[in-house]
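Trainee: A single structure is presented below for examination.
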């Protein structure tokens, strides 16, 4: 759903590089995203082919010159996120992170990153590591949340615009028995369809509730028509869920391409 991603870093202790690899792995595993890594000490890469740029700028209170110089580019139309290996692993956005962001963006103060994070880091004295406090769990969590943002950035508005709560699709398992699960747009519907009780799927499909919501609330008559073409009696419950999910995902993919 989203374009290619470039992850650049500069490092002395190796932490920024370790984080870059962890982010790339999380994006690939969770979203099948295409991520390329580049060490800024070996030169500044061409950003033209990339839609998303993730920059590892520093560790502790330091921001590396190679990263500062890299930020002096035209990032118009691209999604930019920053990360730092600050000293305190418990606070995602400490004063260190905010101060480092200002230093990193000294040559591009008008840029507005879509996210900034700090993961904990290390301290080096006389070429010796005296404190190593990298929060790798936080790295992976942030990468997954960032991937969700990056994918959302590339989606058409008709897929992600949320409707008011009263117009959201509320999943029931039977009349008067609300599951408490709701969907406010097509993307959420696709996600919730995977987790709602199977009784809810069959209940609404047999009543054609899904189709009415797509037509009257979302305004997607084509998706409603495709649901109408699915014969509930030729699928067992879980195969029905699978068929409905595939139909929604295919519609999302078509909308994204167009």
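Trainee: How many residues does the range 156-189 contain that are assigned to a helix (DSSP H, G or I) and either within 30 Å of residue 82 (Cα to Cα) or at pLDDT below 85 (or both)?
Mentor: Of the residues in the range 156-189, 7 are assigned to a helix (DSSP H, G or I) and either within 30 Å of residue 82 (Cα to Cα) or at pLDDT below 85 (or both).
Trainee: Identify the single condition in (1) under 27 Å from residue 31 (Cβ atoms); (2) more than 21 Å from the chain's Cα centre (by Cα); (3) surrounded by fewer than 19 Cβ atoms within 10 Å (Cβ to Cβ) that residue 162 does not satisfy, given that it satisfies every other one.
Mentor: (2)
Trainee: Still on this structure: Filter the range 13-27 down to the residues that are crowded, with 17+ Cβ neighbours inside 10 Å, touching a strand residue (DSSP E or B) at 6+ places or on another chain (Cβ under 8 Å) and assigned to a helix (DSSP H, G or I) and list them by number.
Mentor: Once the filter is applied, which keeps residues that are crowded, with 17+ Cβ neighbours inside 10 Å, touching a strand residue (DSSP E or B) at 6+ places or on another chain (Cβ under 8 Å) and assigned to a helix (DSSP H, G or I), the range 13-27 yields 15, 16, 17, 19, 20, 23, 24, 27.
Trainee: Sticking with this one: Any chance you could count how many residues in the range 1-12 are surrounded by 18 or more Cβ atoms within 10 Å (Cβ to Cβ) and under 22 Å from residue 68 (Cα atoms)?
Mentor: 7
Trainee: Which one of these does residue 36 not meet: (1) within 19 Å of the chain's Cα centre (by Cα); (2) at pLDDT below 95?
Mentor: (2)
Trainee: What residue, among those in the range 51-68 that are more than 18 Å from residue 17 (Cβ to Cβ) and surrounded by fewer than 22 Cβ atoms within 10 Å (Cβ to Cβ), is modelled with the lowest pLDDT?
Mentor: 61
Conditions tested, residue by residue: (1) outside any helix (DSSP H, G or I); (2) touching a residue at least 60 places away in the same chain (Cβ under 8 Å); (3) on the phi > 0 side of the Ramachandran plot.
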{"residue": "29", "(1), (2), (3)": "no, no, no"}
{"residue": "56", "(1), (2), (3)": "yes, no, no"}
{"residue": "75", "(1), (2), (3)": "yes, no, no"}
{"residue": "83", "(1), (2), (3)": "yes, yes, no"}
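Trainee: Mind listing whichever residues of the range 103-155 are outside any loop (DSSP other than H, G, I, E, B), over 30 Å from residue 185 (Cα atoms) and either touching a strand residue (DSSP E or B) at 6+ places or on another chain (Cβ under 9 Å) or modelled with pLDDT under 80 (or both)?
Mentor: 103, 104, 118, 122, 123, 124, 125, 128, 129, 130, 131, 132
Trainee: If you don't mind, another one. Checking residue 210 against (1) free of Cβ contacts under 8 Å to residues at least 24 places away in the same chain; (2) crowded, with 16+ Cβ neighbours inside 10 Å, only one condition comes out false. Which one?
Mentor: Result: residue 210 passes all but (1).
Trainee: Can you tell me which residue within the range 70-79, out of those that are within 13 Å of residue 106 (Cα to Cα) and touching a helix residue (DSSP H, G or I) at 6+ places or on another chain (Cβ under 8 Å), is surrounded by the fewest Cβ atoms within 10 Å (Cβ to Cβ)?
Mentor: It comes out as 71.
The values are calculated or read from the model by the stated rules, or taken from the named source; none is laboratory data. In this text the structure is predicted, and so the values were computed from the model without any measurement. We place every Cβ from the backbone using ideal geometry, glycine too, and count neighbours over all the protein chains shown.
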